[in-house]
Amino acid sequence: MNRNSENKLDTKTLPSIPVFKDVGVIGIVPDKWGGPWQSRHHVLTRLAKYFNVVWINPARNWHELWFHGSISNQVLDRESVSIPGFIVYTPQMWLPQLYRPHFLARFTVQQRLSWARHILITQGCRTIVLYLWRPEYRPALKLLKHDLSCYHIDDEYSFSDSEQPIDQNEKELILLVNQVMIHSPALLEKKGKLNPFTTFIPNGVDYNAFATSVSEPMDLRAIPHPRIGYVGIIKKQLDLTLLITLAQRHQEWSFVLVGPQGYLGEHAVLLQKLSHMPNVFFLGGKPVAMLPAYTQHLDVCMLCYEVNDYTKFIYPMKLHEYLASGRPVVGAPIRSLQEFAHIITLCETPDDWSSALAEAIAPMAQASAQIEARRQVARQYDWDRLVWRIAYTLCSRLGSIYLERFEQLPLTYVQGV
């Protein structure tokens with residue numbers, strides 16, 4: 001491999017510049033570009049309308065690089081990403097993920113960050129924003145010169161079913177950064193007072209994608225109505241015991257689960273039992289562009305979570321996707337859903353779920369007025385609107401010059417809807 005060719009940037013094929021061509025955002029994320037879209041995908045791709053954005057793919061482990069599969073020379077991903085202002089950077093093979101020795105691990109992290117900054121400099125950026133998505137990325141604050149730092153909290157990273165104190169590393173990060181974004185009411189209550197520059201940014205929806213009617217997917221057509229569905233990652237936080245009970249009790253209903261399997265732990269045996277039931281259908285993971293089609297062609301959408309000290313901190317992204325599709329929504333009474341009790345039905349017991357699902361299937365729940373009421377709520381949470389608030393907040397933290405430039409943009413452009 002020619003290391004020089006790996007280091008060379010072909011700037012002629014980089015994405016075109018965004019509105020604030022002198023500002024660059026380095027997104028330090030926990031996952032490789034692609035796969036199921038999370039809030040970071042929606043936020044960072046839309047921030048590229050305002051600033052140049054580099055998404056840093058996590059560095060590969062050196063064992064993976066040297067012993068498994070082919071090694072690509074590609075540093076910038078231009079083939080699978082066609083978003084102006086948005087660049088995916090894959091760290092070079094000579095900058096793998098290391099843990100020991102400490103000085104070398106620190107050096108490779110610093111070099112990856114420096115490379116991302118170099119990419120932005122070649123795009124004309126002179127102001128650099130570090131945008132962190134996990135508490136373990138705190139060392140980046142000291143490893144790279146930057147003008148603004150932001151920590152976006154989109155989960156309770158203890159992942160514990162029983163509430164834990166704020167991790168000391170995360171607490172220090174919250175205190176150190178210039179700006180914090182928090183995505184759920186419970187997390188805001190727990191961590192929002194640590195940094196005075198904290199903004200509540202809930203999860204949103206690509207409203208037009210989910211509200212625009214599309215054809216029924218082929219693998220859904222053969223499944224009988226009524227269809228009670230869940231679209232999202234199938235993981236241990238789902239109340240699989242409840243789903244088994246409902247599927248046994250209502251064999252006249254089809255229960256449809258669309259999404260890849262995540263971590264299940266001891267719940268794997270429950271999923272296995274569910275998969276053998278004749279009125280339960282697993283359709284697997286789908287490309288993000290296909291998700292609206294599946295959601296629209298369900299009769300009722302479920303937010304069937306266990307209620308515990310972890311799920312009280314989540315803010316399901318599928319909530320507003322369901323509402324934008326116009327479908328009736330039935331969910332568990334977790335903290336983030338309680339303020340939407342006027343538009344969705346919250347249930348505690350299996351009997352409650354049976355009654356609520358039966359009402360949601362009824363013609364009255366499918367009336368055009370009900371559909372519009374759900375969509376009216378979802379419109380307020382369009383990702384374009386939410387990211388407009390993030391961009392506004394970042395500009396205000398960068399200083400009056402940037403804020404004045406931002407406020408001169410037409411609202412029809414920055415809000416997108």
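Please treat every number below as a calculation from the coordinates, not as lab data. A quick note: this is a predicted structure, and the numbers were derived from the prediction, not measured. Ideal geometry is used to build each Cβ from the backbone, glycine not excepted, and the neighbour counts take in all protein chains shown.
With N as its number of residues, the range 207-379 has a Cα radius of gyration that, divided by 2.2 N^0.38 Å, comes to 0.95.
Comparing Ser254, Ser354, Ser400 in a Gaussian network model of the chain where C-alpha atoms under 10 Å apart are linked, the largest mean-square fluctuation is found at Ser400. Compared with the alpha-carbon gap, the fully stretched path from Val307 to Gln248 is longer by 19.1 nm at 0.36 nm per residue. Between Lys273 and Ala358, what's the calculated FRET efficiency when r is the beta-carbon distance and R0 is 25 Å? Round to 0.05. The value I calculate is 0.55. Summary value for the chain: 14 percent relative contact order, contacts being C-alpha pairs under 8 angstrom separated by 6+ residues. Each residue in His41, His183, His225 was given a count of other beta-carbon atoms within 10 angstrom of its own, and listing them fewest first yields His225, His41, His183. Put a plus charge on the Cβ of each Lys and Arg, a minus charge on the Cβ of each Asp and Glu, and nothing anywhere else: the dipole of the chain about its Cα centre is then about 1520 debye.
Projected label points at Trp94 and Glu172, each 7 Å from Cα along the beta carbon direction, are separated by 3.2 nanometres.
For Arg46, Arg134, Arg249, the sequence from fewest to most other C-beta atoms within 10 Å is Arg249, Arg134, Arg46.
Looking at this model, which pairs from Lys193/Lys235; Lys171/Lys312; Lys49/Lys145; Lys235/Lys286; Lys142/Lys236 are more than 26 angstrom apart at the alpha-carbon? As for pairs spanning more than 26 Å Cα to Cα, those are Lys193/Lys235; Lys142/Lys236. Highest GNM mean-square fluctuation, the chain, Cα pairs closer than 10 Å: which of Thr245, Thr199, Thr393? Comparing Thr245, Thr199, Thr393 in the GNM, the peak value goes to Thr245. Run the numbers on the range 207-379 and let me know its relative contact order in percent, using alpha-carbon pairs under 8 Å that are six or more apart. Dividing the mean separation by the residue count of the range 207-379 yields 25 percent. Taking Lys and Arg as +1 and Asp and Glu as -1, the other residues whose beta-carbon sits under 15 Å from that of Phe282 total +3. For the chain, the share of DSSP beta bridges that are antiparallel, to the nearest 5, is 5%. Only Lys, Arg, Asp and Glu carry charge here, each on its Cβ (+1 for the first two, -1 for the last two); on that basis the range 90-171 has a dipole of about 760 debye about its Cα centre. Using alpha carbons only, the radius of gyration of the chain set against its Kirkwood radius gives Rg/Rh = 0.98.
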